[in-house]
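To start, the structure itself, in structure tokens.
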Amino acid sequence: MQVAANERRYRRRVGFSRKRGRRGAVQRRKSQSTLSKSHKRAFEPRHTRHTSRPNRKEHLASRRVQRTVVSRQSRSKLKTMKPVRKVDELQVYRGGSSQSRSAASQLLYSKRFLREAGHRDATQWGQEDRELSSLQLTRQMNQRFSQALQLEGVSFPPDAHTSYADIIALGRSYAEGYADIRNGVGGDVVLLPTTMRLGAVLCAYNEQDSIETTLKQLARLPLDEIVIVVNGSVDRTFELARKSLPEAIVVHFDKPLGHDVGRAIGAKLLQVDAVLFTDCDFTIEAEQLGAYLWSVASGVDVALNDIRPFMDKFEQQDGISYCKQWLNQELGRSDLAMNSLTAIPHALSRKAIDKIGYEALYVPPRAHALAVLHGLHVQTACAVDVITQNRLRTTNIGVGNPVAQLIIGDHMEALEAVWNWKREELNAVQSVRADIAWRRNT
């Protein structure tokens, strides 16, 4: 019996020493990376160190409950602030101090702020806005939206970190807040926060079936001036143009001039900083049209339509596409592929129009070549399918149709302009292979 009791006491002592040894090892590992236990106790609050054991237990339990509540709140907040998509970082300036937010949280915060701003502006100015036309209301809302965006802290004009999709989302929040007070009025506008004056040129030829919907989309944009060039129409296009948008300047010609000449005439009449060029062959949403104006507002001189996603493979393309790529290759802009001013929609800055001259717009490929040769910033802005949605006419279908021949001839003029521009470079003495080999060997 005594031996068994001694063995039990021995086992308890050994177990206790092993447990104490394990505790010591854990404490040693902790002390290597953090403060020692004595240092931790030195930094603990006084009421925590000197409280009795029951009170200390209650204090630790309350701390545990607080941590649980905070963690639940943070998890719920992260669930509501979960970003829908990944965007760049935005810098926020408010109250004289700077702080960095993730673009997702900043976007959600700004959308709430701008929705409240829309409520406030609709309540304050609702009576005056009821007397405005749709285009005047869009311009008025765009001005207030720009002011609200400045108060929110987004750099103005927005920099490269602010994408066009973010601007559209913020503008939609403001418009929805405004429409909540005005019973839906102004809820579909597309707002572009810029101090530049924006304009559009619309060419129409027998477009009585589509001109009203096209002008409705243009009225959703904050345009300061609109020129409608109606040339050679024998239907109700001119009448519907004046009726649908009374603020626009309508220029009427009895004989058809072609879209290219109409664009040049519209560019000469407008006195704005950025000009959007489009037509009425099919309806293009205002969100897509606004991308070209926004590109110019962001510093691009020539904003092109990117038609690469809608093209066939190279061996299946037509002669017009080959001419476009050949021209861009000669200009040293093979990255543009078959994109040029031939395809609408596109936008030009006032700087570009003054540099190349509005007369050059008579021949779009030549204007495109001159823009690149003058060192202007030429870039694609948005992709609109004008290949499959373009309106079919008797003049643009079939092999060797008149429109195709006209476009190919325009590219010949553009290549002539390139060769005349680079005349000295092309006329320079070309080294033959024998001369190069002789210099290398000697």
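On full extension of the chain, what length is gained from N401 through E212, given 0.36 nm per residue of separation minus the C-alpha to C-alpha distance?
65.1 nm
Give, in nm to one decimal, the length gained when the segment between M196 and E413 is fully stretched (0.36 nm per residue of separation minus the Cα-Cα distance).
74.8 nm
Based on the mean of other Cβ atoms within 10 Å per residue, sort peptides 259-266, 273-280 so the most packed one is first.
Most protected by this proxy first, the peptides run 273-280, 259-266.
Let's see if you can work this out: charge +1 on each Lys and Arg Cβ, -1 on each Asp and Glu Cβ, no other charges. What is the dipole magnitude of the range 212-362 about its Cα centre, in debye to the nearest 20?
Magnitude of the dipole: close to 200 debye.
Just to verify a number: FRET efficiency for N183 and R242, C-beta to C-beta distance, R0 = 25 Å, to 0.05?
Working from the Cβ atoms, E equals 0.30.
If amide H atoms are built 1.01 Å from N in the plane of the peptide, which residues on other chains or at least 5 residues away come under 5 Å of the amide H of D235?
Residues meeting the criterion, in which the H sits 1.01 Å from N, are N206.
Report the gain in length on full extension from E425 to Q389: 0.36 nm times residue separation, minus Cα-Cα distance, nm rounded to one decimal.
8.8 nm
Go ahead and run the numbers for FRET between H374 and S334, Cβ-Cβ distance against an R0 of 25 Å, rounding to 0.05.
Computed FRET efficiency for H374 and S334: 0.85.
For the range 247-280 and the range 400-419, compute the distance between their C-alpha centroids and round to whole Å.
With the range 247-280 and the range 400-419 each reduced to a Cα centre, they are spaced 22 Å.
What list of ³J(HN,Hα) values in whole Hz, one per residue of the range 354-361 in order, does the Karplus curve 6.51 cos²θ - 1.76 cosθ + 1.60 (θ = phi - 60°) give from phi, with Gly and Pro shown as x?
5, 6, 8, x, 5, 5, 5, 5
Quick check on packing: order 342-352, 227-237 by the mean number of other C-beta atoms within 10 Å, highest mean leading.
342-352, 227-237
Considering lysine pairs in the range 198-418 that are 8 or more places apart or on different chains, how many have Cα atoms under 19 Å apart?
Pairs that pass both the separation and distance tests number 4.
Residue-wise, which Karplus ³J(HN,Hα) couplings in Hz belong to the range 363-377, taking 6.51 cos²θ - 1.76 cosθ + 1.60, θ = phi - 60°, and x for glycine or proline?
10, x, x, 5, 4, 4, 5, 5, 4, 5, 5, 7, x, 6, 7
Please list, ordered by chain and number, the residues whose modelled amide H lies under 5 Å from the amide H of V229; skip anything fewer than 5 residues away on the same chain.
L202, C203, A204, V251
Values in this text are rule-based calculations from the coordinates and carry no lab data. What you are looking at is a predicted structure, and each value in this text was computed from that prediction instead of being measured. Methodologically, a virtual Cβ is constructed for each residue, glycine included, from the backbone with ideal geometry; neighbour enumeration extends over all protein chains shown.
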